1. How big, on average over all directions, is the shadow cast by the Cα convex hull of region 162-313, in nm²?
2. Please build a GNM for the chain, connecting alpha carbons under 10 Å apart, and tell me which residue among 142, 30, 335 fluctuates the most.
3. How big is region 284-376 on each of its three principal axes, counting only the C-alpha atoms and giving the largest first in Å?
4. Contact order normalised by length for region 3-186, with contacts defined as Cα pairs under 8 Å and 6 or more residues apart; what percent is it?
5. Give the angle, between 0 and 90 degrees and rounded to the nearest 10, that separates the Cα long axis of helix 12-27 from the longest principal axis of the Cα atoms of the chain.
6. Rounded to the nearest Å, what's the spacing between the alpha carbon centres of region 144-218 and region 259-308? Just the number, please.
7. As I understand it, the value is the acute angle between the Cα axis of helix 334-343 and the longest principal axis of the Cα atoms of the chain; what does it come to in degrees, rounded to 10?
8. If N is the number of residues in region 1-94, what value comes out of its Cα radius of gyration divided by 2.2 N^0.38 Å?
């Protein structure tokens, strides 16, 4: 039995897998502290897992039509500094023997150096380990060939470079460490996605593992759907789900008009989730239910197909529910997952959100709903994903690190 700190930051899709891992580690007898933004406390697993809130409100940094680019020093830096300070407060009080950290949380290598403990880095997308087989996801969308694919991973440093001065100041002021210091490398790198969807590269080192998705225990009774949504689902044939999660484009009203027109042209019932604000001004009618959000594990098995932004967590939920998937990527790794789902035959060619047209979306929805081969491939992939038990595999790797 060990004291373990599970640290994450980002959207719901970044929180859920780490909550699932914390739950599994707790069920294996470890003393687990799940550390994330205070807004996620209601989604924390409870039981043997303690939740420690930190200031990591990434939603406040999402660009909107009114605020296209948040101020780095005025808005982004205060969130990052608060996240770092609070992560140290939690680590200092819980004295973990190992830290499992989402790469966005930034603090883990420095906390590991301060406490002289190992840390494991984890991510939902394979961005941290160079490979010849595909270029850096989230940054480069097209295969560059073996040599350039591997070289593209040098760009990863660009993502954290703006925060290096802030981190050096925090190390000195709060951790009493040398500003640059010598943070230890991670003992392992764990990716919480399915190797059935993206095969593990042959040139990865042995301490880097795609474990399978980190999924919670059966939650069918834990998060019931809202009664209004239940009534809508029961009133007719299974609808299509359309929602873009934490992604927000430059014109949410226009995207809402495109979606509304596509639903009408396709002649379907639809559940439309506004999420963090990608869709604005959607109107409910007899064939359309408009919600802010709903638990994917409860809703997706009851729809005919899913249309979404391609976030790693939403992609996992749609595939696990064996539903044909239409990915409309906005940015980053969403293009990577859209291409992967299409290659697997479980969904359509990805359609970038900024180029979405009603006629195109309507015809793609109709095909996803009616294509028996696509449904079969989605079901086969779902069965393979369910058999992987990624949380158990990740837990075993963490316990080997402790040993």
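1. Convex hull of Cα atoms, orientation-averaged projection: 14.2 nm².
2. Ranking 142, 30, 335 by mean-square fluctuation puts 142 first.
3. Here the Cα extents, ordered largest to smallest, are 34, 27, 26 Å.
4. Relative contact order comes out at 19 percent.
5. Long axis of 12-27 versus the principal axis of the chain: about 60 degrees.
6. That distance is 35 Å.
7. Around 60 degrees separate the two axes.
8. 1.18
No value in this document is a laboratory result; all are computed from the given coordinates. Note that the structure is a prediction, hence the values are computed from the model and not measured. Methodologically, a virtual Cβ is constructed for each residue, glycine included, from the backbone with ideal geometry; neighbour enumeration extends over all protein chains shown.
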